[in-house]
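Working notes, beginning with the structure itself.
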Amino acid sequence: QVRLVESGGGLVQAGGSLRVSCGASGLIFSSYGLGWFRQAPGKEREFVAAISWNGDITNYADSVKGRFTISRDNAKNTVVLQMNSLKPEDTAVYSCAKGNHGGIYTSSRDYDYWGQGTQVTVSS
(Lines give C-alpha, C1' and ligand atoms only; values in the text may rest on other atoms or scores of the structure.)
Protein backbone atom coordinates (compact mmCIF):
# COMPACT_ATOMS: atom_id res chain seq x y z
CA GLN A 1 0.00 0.00 0.00
CA VAL A 2 1.32 3.42 -0.96
CA ARG A 3 2.00 5.68 1.99
CA LEU A 4 3.27 9.26 2.08
CA VAL A 5 4.20 10.91 5.36
CA GLU A 6 5.18 14.55 5.71
CA SER A 7 7.30 16.06 8.44
CA GLY A 8 9.07 19.28 9.28
CA GLY A 9 6.30 21.84 9.43
CA GLY A 10 6.11 24.40 12.19
CA LEU A 11 5.97 28.06 13.13
CA VAL A 12 8.42 30.58 11.70
CA GLN A 13 8.63 34.34 11.45
CA ALA A 14 8.25 36.11 8.14
CA GLY A 15 11.51 36.04 6.24
CA GLY A 16 12.55 32.78 7.81
CA SER A 17 13.02 29.30 6.37
CA LEU A 18 11.50 25.87 6.83
CA ARG A 19 12.17 22.50 5.27
CA VAL A 20 9.36 20.00 4.89
CA SER A 21 10.03 16.41 3.93
CA CYS A 22 7.93 13.55 2.66
CA GLY A 23 8.84 9.90 3.03
CA ALA A 24 7.23 7.33 0.78
CA SER A 25 6.72 3.58 0.98
CA GLY A 26 4.86 0.91 -0.92
CA LEU A 27 5.82 2.09 -4.39
CA ILE A 28 8.67 2.15 -6.88
CA PHE A 29 9.54 5.67 -5.84
CA SER A 30 11.86 6.49 -8.74
CA SER A 31 9.13 5.81 -11.30
CA TYR A 32 6.88 8.70 -10.38
CA GLY A 33 6.72 12.43 -10.42
CA LEU A 34 6.00 14.05 -7.09
CA GLY A 35 4.38 17.28 -6.04
CA TRP A 36 3.69 19.58 -3.14
CA PHE A 37 0.36 21.28 -2.67
CA ARG A 38 -0.96 23.53 0.08
CA GLN A 39 -4.31 24.50 1.47
CA ALA A 40 -4.98 27.51 3.64
CA PRO A 41 -8.10 27.84 5.80
CA GLY A 42 -11.11 28.74 3.69
CA LYS A 43 -9.20 28.35 0.44
CA GLU A 44 -8.91 25.68 -2.19
CA ARG A 45 -5.88 23.45 -2.40
CA GLU A 46 -3.25 24.93 -4.68
CA PHE A 47 -0.20 23.64 -6.51
CA VAL A 48 3.18 24.61 -5.05
CA ALA A 49 5.92 22.60 -6.77
CA ALA A 50 6.53 19.43 -8.74
CA ILE A 51 9.52 17.31 -9.69
CA SER A 52 9.97 14.65 -12.35
CA TRP A 53 10.88 11.04 -11.66
CA ASN A 54 14.63 11.63 -11.88
CA GLY A 55 14.66 15.17 -10.52
CA ASP A 56 15.79 16.73 -13.79
CA ILE A 57 12.67 18.80 -14.29
CA THR A 58 10.94 20.98 -11.72
CA ASN A 59 8.04 23.40 -11.82
CA TYR A 60 6.84 26.00 -9.34
CA ALA A 61 3.82 28.14 -8.75
CA ASP A 62 4.54 31.78 -9.54
CA SER A 63 3.85 32.70 -5.93
CA VAL A 64 6.80 30.63 -4.66
CA LYS A 65 9.22 30.78 -7.58
CA GLY A 66 12.65 31.89 -6.45
CA ARG A 67 11.87 31.19 -2.79
CA PHE A 68 11.03 27.47 -2.68
CA THR A 69 13.08 24.54 -3.97
CA ILE A 70 11.83 21.00 -4.49
CA SER A 71 14.26 18.10 -4.54
CA ARG A 72 14.18 14.34 -4.23
CA ASP A 73 16.42 11.49 -3.15
CA ASN A 74 15.38 8.29 -4.91
CA ALA A 75 17.75 6.22 -2.80
CA LYS A 76 15.96 7.35 0.36
CA ASN A 77 12.42 7.58 -1.06
CA THR A 78 12.09 11.18 0.05
CA VAL A 79 11.05 14.47 -1.47
CA VAL A 80 11.87 17.76 0.19
CA LEU A 81 10.50 21.27 -0.11
CA GLN A 82 12.94 23.92 1.08
CA MET A 83 11.10 27.16 1.78
CA ASN A 84 12.99 30.42 2.16
CA SER A 85 11.90 34.03 2.57
CA LEU A 86 8.60 32.85 3.95
CA LYS A 87 5.62 35.18 3.99
CA PRO A 88 2.46 35.10 6.12
CA GLU A 89 0.51 34.17 2.97
CA ASP A 90 2.51 30.93 2.80
CA THR A 91 0.65 29.73 5.91
CA ALA A 92 -1.14 26.50 5.02
CA VAL A 93 -1.18 22.74 5.38
CA TYR A 94 1.43 21.37 2.99
CA SER A 95 0.88 17.94 1.45
CA CYS A 96 3.03 15.82 -0.81
CA ALA A 97 1.50 13.73 -3.55
CA LYS A 98 2.48 10.97 -5.95
CA GLY A 99 1.96 11.58 -9.62
CA ASN A 100 0.19 9.12 -11.89
CA HIS A 101 3.32 8.85 -14.02
CA GLY A 102 6.91 10.10 -14.13
CA GLY A 103 6.42 13.64 -15.36
CA ILE A 104 5.60 16.90 -13.62
CA TYR A 105 2.02 17.92 -13.05
CA THR A 106 0.34 21.02 -11.70
CA SER A 107 -3.21 19.67 -11.42
CA SER A 108 -4.28 17.68 -8.38
CA ARG A 109 -6.15 15.41 -10.79
CA ASP A 110 -2.81 14.02 -11.95
CA TYR A 111 -1.93 12.75 -8.47
CA ASP A 112 -3.34 9.59 -6.98
CA TYR A 113 -1.88 9.32 -3.46
CA TRP A 114 -1.57 12.04 -0.86
CA GLY A 115 0.04 12.47 2.51
CA GLN A 116 -1.86 13.73 5.53
CA GLY A 117 -0.17 17.11 5.44
CA THR A 118 1.96 19.20 7.78
CA GLN A 119 1.10 22.64 9.10
CA VAL A 120 3.29 25.58 8.18
CA THR A 121 2.55 28.85 9.95
CA VAL A 122 4.35 32.08 9.14
CA SER A 123 3.91 34.93 11.59
CA SER A 124 4.23 38.56 10.58
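The values are calculated or read from the model by the stated rules, or taken from the named source; none is laboratory data. Treat the numbers as computed from the prediction; the structure is a model and nothing was measured. Counting neighbours? That spans all protein chains shown, and the Cβs are built from the backbone with ideal geometry, glycine included. Quick note on the areas: whole protein, heavy atoms, side chains included, nothing else; ligands and nucleic acids left out. Shrake-Rupley method; radii C 1.70, N 1.55, O 1.52, S 1.80 Å.
Points worth noting:
- Accessible-area composition of segment 79-124, carbon plus sulfur, in percent [1.4 Å probe]: 46 percent
- Average Cα contact separation per residue, the chain, under 8 Å, 6 or more apart, as relative contact order %: 36 percent
- For D73, the solvent-accessible surface with a 1.4 Å probe is about 50 Å², rounded to the nearest 10.
- Ellipsoid semi-axes in whole angstrom, largest first, where each is sqrt(5λ) of the Cα gyration tensor of the chain: 23, 14, 14
- Rounded to whole Hz, the Karplus (6.51, -1.76, 1.60) HN-Hα couplings of segment 53-65, x for glycine and proline: 4, 9, x, 6, 10, 10, 8, 9, 5, 4, 5, 10, 4
- For E46, neighbours were defined as the other residues whose beta-carbon sits under 13 Å from its Cβ, and their charges (Lys and Arg +1, Asp and Glu -1) total -1.
- P(r) for segment 33-72, from all Cα pairs and a bin width of 10 Å, is 32, 49, 17, 2 %, short bins first.
- These residues, W53, W36, W114, go from largest to smallest accessible area, 1.4 Å probe, as W53, W114, W36.
- Listed by chain and number, the lysines whose C-alpha is less than 17 Å from the C-alpha of K87, apart from same-chain residues fewer than 8 away, are K43, K65.
- For segment 33-103, radius of gyration divided by Kirkwood radius, i.e. Rg to Rh on alpha-carbons: 0.96
- Rolling a 1.4 angstrom probe over the protein heavy atoms with all chains in place gives segment 1-101 an accessible area of 50 Å² per residue.
- Surrounding net charge for A61, when Lys and Arg each add one and Asp and Glu each subtract one, Cβ distance under 10 Å: 0
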